[in-house]
Every structure is written in structure tokens, then in C-alpha cells.
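Visitor: Take a look at this one; I'll ask things after.
None of the figures in this text is laboratory data; all of them are computed from the coordinates on show. Not measured: the values here are computed from a predicted model. Every residue, glycine as well, gets a Cβ built from its backbone with ideal geometry; the counts of neighbours run over all protein chains shown.
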Amino acid sequence: MENIILKKTGSSGTIAIESYIAQGGYKGMERAVGDMTPRDIIDEIKSSGLRGRGGAGFPTGMKWQFASLDPKFPRYLVCNADEGEPGTFKDRPILEHNPHLLIEGMIISAYALQSSIGYIYLRGEYPHAKRVLETAIEEALARGYLGNDILSKHFRFNLTVHFGAGAYICGEETALIESLEGRRGQPRLKPPFPVNSGLWGKPTIVNNVETLANIPWIVSNGAKAYASIGVKECPGPKLFSVSGKVNKPGVYELPMGITLREIIYDHCGGIKGGRPLKGVIPGGISTPILSPESLDCPMDFVHLPKHGSMLGSGAVMVFDDTVCIVKVYERAMRFFEHESCGKCTPCREGTAWMRAILSRIEQGKCSENDLETLQDVAENIAGKTFCPLGDGAANVLLAAMKIYRDEFEYHIKNKRCKVNAA
Amino acid sequence: MTRHHALKDNEDTTPQVTEEKLRLLRNKIHYLMGLYPSYQGALLPSLYAAQEIFGYISPEAIGEVSNITGVSAAQIKGVACFYAMYKTKPMGRHIIQLCTNVACMIEGAEDLVAYLGEKYGLTPGGTTQDGRFSLVIMECIGACGTAPSMILDSDSYDNLTKDRLDTLLESYK
């Protein structure tokens, strides 16, 4: 498959606007703003079948249509570049090596949505990306691709990089909006949805970096060409960030629907040292772990739920037989406890409680009924929280306890780790 | 390299508040307010500006941000405490933000934390006695494919080992 998103990224790639233009960049934007109506673009994106790449997989064209039907102005366009999910680093190559692809995608989107103000909500842990993006925005302004009269078409769009300050929950779109408004990043109740009432009560489209990076190619090459990549229900390419015990970790652009087996063994060179595979987290730490039996599951929004997990952000974390699953989930729960925004009780108290029990089990200080308590707490959090953070924390633990129950029981019975004992 | 000890309670490392620094902050906030439709929208970048100028979000900085934006000092403190990357107490000259989340953990990040404690007397949340380094444990910095990783001030470093850590820290005086 030809690379669409990671095309020509790299040291001499497309960081500077001249290189990006020399390689065909901004052609999609010129076509969109010059020859197409906003309605044409929305229809094209709808026909392409593009689904949001942030994790939820909602159809992008439909989201845009909802916003475009709302008569309120101004409309805001926000790029979600928070990327805080542990295991996820797929947007980083775009942000650091191909910033104009994102900016071009945002200009086309803003034109389609008739939005004049855009923000890139960038995670605070990417200081280099901030410098790159701010330089790229200056370059685009100097060329007349951003500003008050883009391509002399009376189209106005200005873009600001808003630097996040280290809060995982701000990847959730309503929490992100709260944060952009200068408050603690705590989720809002939906409805109203941001497409109708988002930033400062106005229609707001929040799209992930990868989603927006697909837009220029779709506009340039047409929805039909895009829909022919990947699988019918989830077309297009997908960025997978692979980490853990594989020989070649990294970011891979592959067609949606590729199997885990192909990702791990064909593209990432298999498991380090040829060791046996123990488990895979397919979409970041908040997606349930899969056992090696699910290796042939297609990686997309439709098939993974049938195997009890989710595509999430496409962050594949691979564990071999030297990794202790109890320790992995003790650390994961420390993350959820730390990142719970504190708004609702089941999440705030429940993640701390689950972490405390997991720490006891991991340190060999547990009692016999700890596993039962853990199960009970997790089941009482799942489905009872305001946003998906608490829900995710409980569900990933329940999945791990189901698949690797013997490992949890060994820890409790023997007060030590099964992996280290082996 | 010599062993360092943790900062003593009675040692004052508070950066000096000067009229020049306050003026710098004011100018920056006025610029930032032009990028958002509400004054409060400029709050997060204003707090970053304060941190950059004073080394941390000092009470004086909070007062100044409050005066200009009209957001109450209590609200500003609430926001500053919520986000992990705002420093609400004085820090060392260089801040080591080391990730210990799952991908980094399975590649040995916890050994690096222990090593920083043994060799530099640097514990999570602490500062070396000479005020050179502070250590912050991070919840994923988006470098899982090249774990273990850290951000030192505003530079990212990957594939860390104890030796590499020593070499890197040597270059931050």
C-alpha cells in the first residue's frame, strides 16, 4: 500500500513548506478552496467512509454535517493532538515531521465547515512538536494559506497551537474544550454535543490529528480511491504505534483490517529473542488485552469488539512470557488513578481502590479474598462513570483477570510473581 | 560523579520576583489574550509563561495573572493544581521528566528511577541538594517505541540506560 499519511516523513522530508509543496503539498487545499463548495467537500468525506482515528471511530463526514447544519457562528475547528493514551505515539511523526499535512487538512476542514478559528490542542509532553507546528503556521501565513483572505477567495482561517499541561482526560473532547476555555479539564455532560455547543457555546468540531491528515488525500484523489483501501466498514489506512517486546517497534501505516499477526510478525519482525507471545493490548492501555488466540483478528472498529476489545488509537503493546501481567495492570491502574479527573465518585475512588489492591497483590501482601474484592469493585465501576476513563480502567482489568486468572491466583497464593518464579 | 543529597527544608531557592519579570509576564499575557475569545481562555498559556519566567507558578505570578485576566486567584490555583506539568513549588535548574508507564516499565524504567536515587540522591518529586536537577515521574510521554524515555527540560531522550543517563546528565550543568 502506498503511504498516504507517513508519505515522505523524515529528516529531509516535508517539515519545511517548500519541501512539502515540492512534493505536491497544498494541492488538495487549492482544489478544495478553489473549485469545490463546502457541501461538495462534506459529501466527499461522507462517501469516503472515513471514521475518526482518535478512538471512537465515529464517521467524520456525518460529524461535519451535523455541525454545518447548525446556524450558529463562529464555528470552531479543534485538532485533538493530546495523544495521552499510554502506548500511543502515532500522531507524533505527523506533528514533528509533516506539520503541513495537518495544517492543510485543517484548512480544508475549516473551509468545509465555514470555520474561521482553529486550535491545535497539543499535549504538553511534545515540546519539539510545538516548535515545529508554530514555525509551520508562520510559513503557511506567509504564503497566504492561512490568514484573512486565503487564496484571495475571501476565506478566513487562523490557527493557534494550544499547549496542554499534562492531563490524560483532556483527550476526551468535552474535557479538552473545558481546558481550552481555561478551566480544569473535566468532561461535560452530553448532550448537547460539541458539534452544536462546544467552545464558548458555539458549534465545534474536534477531530484527531490522523483524521485530519487523511483529508488532503481524499480531496485530491477522490472518495472512491480512498474507500478502496482497508475494509468495507472501515476504509482507509491506519497508523499503528507498536511498542513492547517486538524486534522493530515504531509507527506503521497499514491498511485498516490488517491482522495482529501480520503487524507483529511481518512488519515488526516478531517477538524479541524469539520468545513466546503472551498477550497484546491492541489499542492503548484502556483497551482490553487479547490472548495469542486472537492474533488473526482484523484490526478495525468492527472486528475487535467481537474479540472483546477495541481498536482505540491503534496502539499495539506486545508482551512476551517475561512480562508479569499483574505488574502491568498495577502500573496501568496507577495511571488511571493519577489521571482520574475526580469529577465522579466511582472513578475517583474506584481506581484508587483497585490500584491499592493490585499493589498489595503485586507486593505479596494480599489476603485470599482480594481477587474477589477486586472483581467486585471493577464490576461496580464499569458502566457507572461519567466518561469512559473509569469504565476503561475497570474493563481492562476485568479482561486481564479473566484471561490471566491463574497468574493473579499464583501471586495471591504464593505471595510472589509467577513469571519470576518460572 | 559525586553523590548529591535532597534539598533541605530551610534552603530557599525561590527565584527573585522583579519588576522586569512581572512586566515580561504582563506583556505575554496581553498577547495571549488576543488569541482567545475569552480572557480565561488565555489562562493555561499564561501559566506556562509564568512558569517560564519565574521557574514555577509563584504566588506573585498567580496574582498578576488574576489581575489581568479577571479570573480569581482561587480558580487559578485550582487550575494550576489540576495539570501535572505546572510546577507549583520551586524546582531545580533542570527538570527530568522520566516515564515509568507500562511500555517504559517493561524496558527497565524503574531501575533508572532507583539508579537516580542511589547515585544522585534524587527521589521522585525531589530536587538535588545543589538545585541542579528535579525528578518528576511521568504518565507516558509518547515515546513507547523507544522506551525507556524522558524529557529533560524541553528535549526528549529515548532508549535510556544507566550509562546514557550519566552521560546526558553530565551535559546539563
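Visitor: How high is the relative contact order of segment B:1-160, in percent, counting Cα pairs under 8 Å that sit 6 or more residues apart?
Guide: Answer for segment B:1-160 is 25 percent.
Visitor: Along the Cα→Cβ direction, 7 angstrom out, place labels at A:Glu349 and B:Asn159. What is the inter-label distance in nm?
Guide: The modelled label-to-label distance comes out at 4.8 nm.
Visitor: Based on DSSP H runs of at least 4 residues, each adding -39500 (n - 2.57), what is the mean residue ellipticity at 222 nm of chain A after dividing by all its residues, to the nearest 500 deg cm²/dmol? Spell out each step's value before the answer.
Guide: Details: 16 runs with 174 residues, N = 422.
It comes out at -12500 deg cm²/dmol, rounded to the nearest 500.
Visitor: Rounded to the nearest 500, what is the 222 nm mean residue ellipticity of chain B from helices alone, with -39500 (n - 2.57) per DSSP H run of 4+ residues and division by all residues?
Guide: Taken over chain B, the calculation gives -12500 deg cm²/dmol.
Visitor: Still on this structure, I have one more. Relative contact order for chain A: what percent, with Cα pairs under 8 Å and sequence separation of 6 or more? Write out the running numbers ahead of the final one.
Guide: Working: 841 pairs, mean separation 65.3, N = 422.
Reported as a whole number, the value is 15 percent.
Visitor: Compute the semi-axes of the equivalent ellipsoid of segment A:264-370, taking the square root of 5 times each eigenvalue of the Cα gyration tensor, and list them largest first in whole Å.
Guide: On the way: eigenvalues 152, 71, 26 Å².
Ellipsoid half-lengths, sorted descending, are 28, 19, 11 Å.
Visitor: Can you bin every Cα-Cα distance in segment A:13-61 into 5 Å intervals starting at zero and give me the percent of pairs per bin, rounded to whole numbers?
Guide: 5, 18, 16, 16, 18, 21, 6
Visitor: What's the lysine pair count for segment A:193-328 at a Cα cut-off below 18 Å, pairs eight or more apart or interchain?
Guide: Close lysine pairs under the 18 Å cut-off: 10.
Visitor: Rounded to the nearest 0.05, what FRET efficiency do A:Asn148 and B:His94 give with R0 = 45 Å and r taken as the Cβ-Cβ distance? Could you check?
Guide: It comes to 0.60.
Visitor: I would also like to ask the following. Within segment A:348-385, report the GluC sites (Glu not before Pro) that DSSP leaves as loop and that have at most 10 other Cβ atoms within 10 Å. List each step's numbers first, then the result.
Guide: Values: sites: A:Glu349, A:Glu362, A:Glu368, A:Glu372, A:Glu379; in loops: A:Glu368.
Here the sparse-neighbourhood loop sites are A:Glu368.
Visitor: Now for a separate question. What whole-number value in cubic angstrom gives the convex hull volume per residue for the C-alpha atoms of the protein assembly as shown?
Guide: In the protein assembly as shown, the Cα hull volume divided by residue count equals 155 Å³.
Visitor: Hey, another quick one. Using a simple spin-label model with points 7 Å from Cα along the Cα→Cβ vector, what separation in nm is obtained for A:Asn196 and A:Ser47?
Guide: Distance between label points: 2.9 nm.
Visitor: Right, something else. Count the net charge of all other residues whose Cβ sits under 11 Å from the Cβ of B:Ser46, scoring Lys and Arg as +1 and Asp and Glu as -1.
Guide: Every neighbour counted, the sum reads 0.
Visitor: Once the Cβ-Cβ distance between B:Asp166 and A:Asp40 is put in as r, and R0 is 56 Å, what FRET efficiency do you end up with, to the nearest 0.05?
Guide: Given R0 = 56 Å and the Cβ-Cβ separation, E is 0.45.
Visitor: Based on alpha-carbon positions alone, could you give the equivalent ellipsoid semi-axes of segment B:49-173 from the gyration tensor, as √(5λ), descending, whole Å?
Guide: Working through the eigenvalues yields semi-axes of 30, 16, 11 Å.
Visitor: Give me the net charge of B:Ser134's neighbourhood, meaning all other residues with Cβ under 13 Å from the Cβ of B:Ser134; Lys, Arg count +1, Asp, Glu -1.
Guide: +2
Visitor: Principal axis lengths of segment A:1-157 from Cα atoms, whole Å, largest first?
Guide: Between the extreme Cα coordinates on each principal axis of segment A:1-157 lie 41, 36, 33 Å.
Visitor: Sticking with this one: Please report the spacing between the Cα centers of segment A:39-87 and segment A:183-253 in Å, no decimals.
Guide: 8
Visitor: Given bins 5 angstrom wide, list per bin the percent of all Cα-Cα distances in segment A:352-422, short to long.
Guide: 3, 17, 27, 24, 15, 8, 4, 1, 0
Visitor: Still on this model: Can you give the translational diffusion coefficient of segment A:99-184 in µm²/s, computed by Stokes-Einstein from the Kirkwood radius over Cα pairs at 37 °C and 0.692 mPa s? Provide the component values of the computation, followed by the final result.
Guide: Numbers: Rh = 13.6 Å.
Approximately 241 µm²/s, per Stokes-Einstein.
Visitor: Restricting things to alpha carbons, find the Rg to Rh ratio for segment B:115-173 using the Kirkwood radius for Rh. All intermediate terms of the calculation are to be shown ahead of the outcome.
Guide: Working: Rg = 11.4 Å, Rh = 12.1 Å.
Rg/Rh: 0.94.
Visitor: Can you pull the one-decimal nm distance between simple spin-label points at A:Leu69 and A:Leu189, each 7 Å off the Cα toward Cβ?
Guide: Placing both labels 7 Å along Cα→Cβ, they lie 2.4 nm apart.
Visitor: Here is a follow-up. Calculate the FRET efficiency for A:Thr259 and A:Glu233 from the Cβ-Cβ distance with a Förster distance of 22 Å, rounded to the nearest 0.05.
Guide: For R0 = 22 Å, the calculated efficiency reads 0.90.
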